[in-house]
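Below you'll find the structure, written out as structure tokens, and then a few comments.
Bear in mind that the values in this text are calculations on the coordinates, not laboratory data. Note that the coordinates shown come from a computational prediction; the quantities given were computed from them, not determined experimentally. Every residue, glycine among them, receives a Cβ derived from its backbone with ideal geometry; neighbour counts consider all protein chains shown.
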Amino acid sequence: QMFSNNDEAVINKKLPKELLLRIFSFLDVVTLCRCAQVSRAWNVLALDGSNWQRIDLFDFQRDIEGRVVENISKRCGGFLRKLSLRGCQGVGDNALRTFAQNCRNIEVLNLNGCTKITDATCTSLSKFCSKLRHLDLASCTSITNLSLKALSEGCPLLEQLIISWCDQVTKDGIQALVRGCGGLKALSLKGCTQLEDEALKYIGAHCPELVTLNLQTCLQITDDGLITICRGCHKLQSLCASGCSNITDAILNALGQNCPRLRILEVARCSQLTDVGFTTLARNCHELEKMDLEECVQITDSTLIQLSIHCPRLQVLSLSHCELITDDGIRHLGNGACAHDRLEVIELDNCPLITDASLEHLKSCHSLERIELYDCQQITRAGIKRLRTHLPNIKVHAYFAPVTPPPSVGGSRQRFCRCCIIL
């Protein structure tokens, strides 16, 4: 009888409404919807606005229409603080205008992949949602500078903004944004291909609280813009400049001199960076935890020596396609301050000088969880097997050619692929 359709069921008699509401507040969207079907009393409790302060529809239902968002907003009203509509491509400007009008206390809003929305949505958010702190507009390709101007005028508390792949945004939009949202702590501009150094100069001048900046594939960025960021944003902890192929060691020097709290640096495919710049960086940024140096083709063992000495917190290191790295560099890394308790992932794909000796040097890295060895021609199965005797839980990704080529077919040798193994 506890779960019968009778609203006089035992649980409803024994527990006060306030306590039942408290219990319901711990349930996710799916469970709340199920509870709403148990009885009339539970329907009222489950759909009470106080239980819908945080909603994430990504793992529940992504093919929703605008009217669903409108109904949610009417049900939740001022209770709603966090909403994720990530991937809901059927939701447009009209539904989000209704949402903004009804949910004026919203603080976190994820519209990643909502491709129907335009500047009109940001205008609505600006007009009604002054408490907005985190906004994700990634892949909303109709967003332009007008959206950034609107957010600047109506959302002064904005701390995190993601406009990755909004490639209509230019320096004018960034200038408008930072003048009204000087408290920005995280800004993702990944794939905003029209941005130039002048946009970064505005950020450096107006966003002293900035902690995270993503500039991946912003191809026009050069040293001038990034140096301004380093000088104006001393709290910077995470920088992604992967694919910004114009940058040089001047950036690494500027980071070392101005951003001692740096924890994450991603500079994949920045082929002008050298040991000289990484030496300055390592000697000044001792809190580094993750570094992506893939295709930094000029670096040698010298960089690894500096990291092993000065960066005791290093957890993830990608050296793929750094073809000058040798066993000696891995030896220093394996003996470094980060080796025993910190280093978790090391990627060495396409490092042709790496041999089984490197695997021997990594045996002391007790926290090592994964190692990538694709196309490391001198790595053998036997070397990997010996490593696994010391680190039985490690995942090793590697390529090996078959020991014996397959037989010829029709008088010509049959082509074969190297096969991937995960040990």
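Students often forget the sequence filter, so: which aspartates and glutamates lie under 13 Å Cα-Cα from LYS171 once same-chain residues fewer than 8 apart are removed?
GLU196, ASP197, GLU198
Distance check, please: which entries in LYS17/LYS116; LYS74/LYS116; LYS290/LYS385; LYS116/LYS395; LYS290/LYS363 exceed 31 angstrom between their Cα atoms? All intermediate terms of the calculation are to be shown ahead of the outcome.
On the way: LYS17/LYS116 41 Å; LYS74/LYS116 22 Å; LYS290/LYS385 27 Å; LYS116/LYS395 41 Å; LYS290/LYS363 20 Å.
Among LYS17/LYS116; LYS74/LYS116; LYS290/LYS385; LYS116/LYS395; LYS290/LYS363, the Cα-Cα distance tops 31 Å for LYS17/LYS116; LYS116/LYS395.
Post the alpha-carbon centroid distance, the stretch 235-295 to the stretch 188-233, in whole angstrom.
The distance from the Cα centre of the stretch 235-295 to that of the stretch 188-233 comes to 14 Å.
Applying 1/(1 + (r/R0)^6) with R0 = 45 Å to the Cβ-Cβ distance of SER25 and LEU146, what FRET efficiency is obtained, to the nearest 0.05?
On the way: r = 38 Å, r/R0 = 0.85.
Here the calculated transfer efficiency is 0.70.
So if we plug the beta-carbon distance of ARG104 and ARG179 into 1/(1 + (r/R0)^6) with R0 = 25 Å, what FRET efficiency do we get, rounded to 0.05?
Numbers: r = 24 Å, r/R0 = 0.95.
The value I calculate is 0.60.
Given labels modelled 7 Å from the Cα in the Cβ direction, how far is it in nm from LYS131 to GLN53?
In this crude spin-label approximation the distance works out to 1.0 nm.
In terms of Cα to Cα distance under 18 Å, which aspartates and glutamates are near enough to LYS201, apart from those fewer than 8 places away along the same chain?
Reachable aspartates and glutamates: ASP172, GLU209, ASP223, ASP224.
Need one number: % antiparallel among DSSP beta bridges in the chain, to the nearest 5.
Within the chain, antiparallel bridges account for around 10 percent of the total.
Given 0.36 nm per residue, what is the gain on full extension from GLU209 to ALA382 after removing their alpha carbon distance, in nm? Before the final figure, lay out each step's value.
Values: separation 173, 0.36 × 173 = 62.28 nm, distance 5.05 nm.
Gain in length upon complete extension: 57.2 nm.
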